[in-house]
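K.L.:
Dropping a structure here in structure tokens format, bear with me for questions.
Every number in this text was worked out from the coordinates using simple rules, so none of it is lab data. Note that the structure is predicted; figures quoted are calculated from it, not measured. Cβ placement follows ideal geometry from the backbone for every residue including glycine, while neighbour counts extend to all protein chains displayed.
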Amino acid sequence: MDFDHLAIIIPSYNESRNLAILLADIADLYPNTRVCIVDDSLGQEKTEMEKIVSSYPKKTHTLIQRSEKKGRGSAVMVGMRQALKEKSVRIFIEMDADLAHDPKEIVLLLSKIPPCDMVIGSRYLNKSVIINWPKKRLLQSRLINYFLRYFLGIAITDYTNGFRAYSRRAAEYLVSIPIYERGFITLSEIAYRLYRKGFRIGEVPTTFTDRKYGTSNAGIRELVVSLIGVARIRFRRPI
């Protein structure tokens, strides 16, 4: 099957070891797919990223390297703008670089576009599976997602998983508006902005696996900042 209508956007920060595995899997599963990696790494890690991506065809693989860590949200928007240059691309996948998201499950996201404009790979549906995630992290995530659903009012179970698919119409809208938040709360802002604009949002169950290599960028400070960000999202005047 040809996947030239598909673009995969991967925000990255110090993930060269994981990304090498992920890109190989994507190449095997989805030939001719465009992949855009937006990387905020520095130093030797930056060089390693260049080596990994250079082994793939320039026609399909793009590496955008930035000079500082500017946040996941802006990285995804940069990747979307790049992918939108290709008129043949109709569906845009967002996924983490740390192997938390199984590329085999991209087809599950694709199965719901259309009728949906954004599809979330949810960790919290009945058939979802979570592997090797510390109980503390799981509890924090569940509490935050309960809070987000109460506060933002979208009928979804997982506001904070970055495994998503977007229609071209949704991607074009997102790059045309300012995205204000940084970090993982950006995922909630994106969902809320699409919801308020009338885009249809759906979910599919996914398998989420805690990282094997490297360390997570999420911590207590990130969680506190995210909760404050929810209030900004909810009460910011819509555009």
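K.L.:
Using a basic spin-label model with each label point 7 Å from the Cα along Cα→Cβ, how many nm lie between L42 and K85?
P.N.:
Those two pseudo-labels are separated by 2.7 nm.
K.L.:
Now, a different point. Quick check on packing: order 69-76, 81-88, 157-164 by the mean number of other C-beta atoms within 10 Å, highest mean leading.
P.N.:
Ranked from most to least packed, the peptides come out as 157-164, 69-76, 81-88.
K.L.:
Any chance you could tell me what percent of the C-alpha pair distances in the chain go past 34 Å?
P.N.:
The answer is 8 percent, as a whole percent.
K.L.:
Now for a different question. Can you give the FRET efficiency for K135 and I179, using 1/(1 + (r/R0)^6), R0 = 41 Å, r = Cβ-Cβ distance, to the nearest 0.05?
P.N.:
For R0 = 41 Å, the calculated efficiency reads 0.80.
K.L.:
Placing +1 on the Cβ of each Lys and Arg and -1 on the Cβ of each Asp and Glu in the chain, which of G229, A7, L139 has its Cα farthest towards the positive end of the resulting dipole?
P.N.:
Farthest along the dipole direction, towards plus: G229.
K.L.:
Which net charge results for the neighbourhood of L174, defined as the other residues with beta-carbon distances under 12 angstrom from its beta-carbon, given Lys and Arg at +1 and Asp and Glu at -1?
P.N.:
Once positives and negatives cancel, what remains is +2.
K.L.:
Where both residues lie in the chain, what percent of DSSP beta bridges are antiparallel, nearest 5?
P.N.:
Just about 25 percent of them are antiparallel.
K.L.:
Let's see if you can work this out: charge +1 on each Lys and Arg Cβ, -1 on each Asp and Glu Cβ, no other charges. What is the dipole magnitude of the stretch 46-168 about its Cα centre, in debye to the nearest 20?
P.N.:
Charge dipole, the stretch 46-168, about its Cα centre: 140 debye, nearest 20.
K.L.:
To continue, here is another question. What number comes out for the charge environment of R142, summing +1 per Lys or Arg and -1 per Asp or Glu over other residues with Cβ under 14 Å away?
P.N.:
Net charge in that neighbourhood comes out at +4.
K.L.:
Follow-up. Could you give me the ³J(HN,Hα) list for the stretch 50-62, computed from phi with Karplus coefficients 6.51, -1.76, 1.60 and θ = phi - 60°, whole Hz, x at Gly and Pro?
P.N.:
4, 5, 5, 6, 5, 7, 10, x, 5, 4, 10, 10, 10
K.L.:
Give the long-range amide H neighbours of F208: residues separated by 5 or more places, or on another chain, with amide H under 5 Å away, using H modelled in the peptide plane at 1.01 Å from N.
P.N.:
Amide H neighbours of F208: V129, I130, I131.
K.L.:
At what distance in nm do the modelled label points of L227 and N126 sit from each other, each positioned 7 Å from its Cα along Cα→Cβ?
P.N.:
So the label points at L227 and N126 sit 3.2 nm apart.
K.L.:
Ranked highest first by average number of other Cβ atoms within 10 Å, how do 133-141, 102-110 line up?
P.N.:
102-110, 133-141
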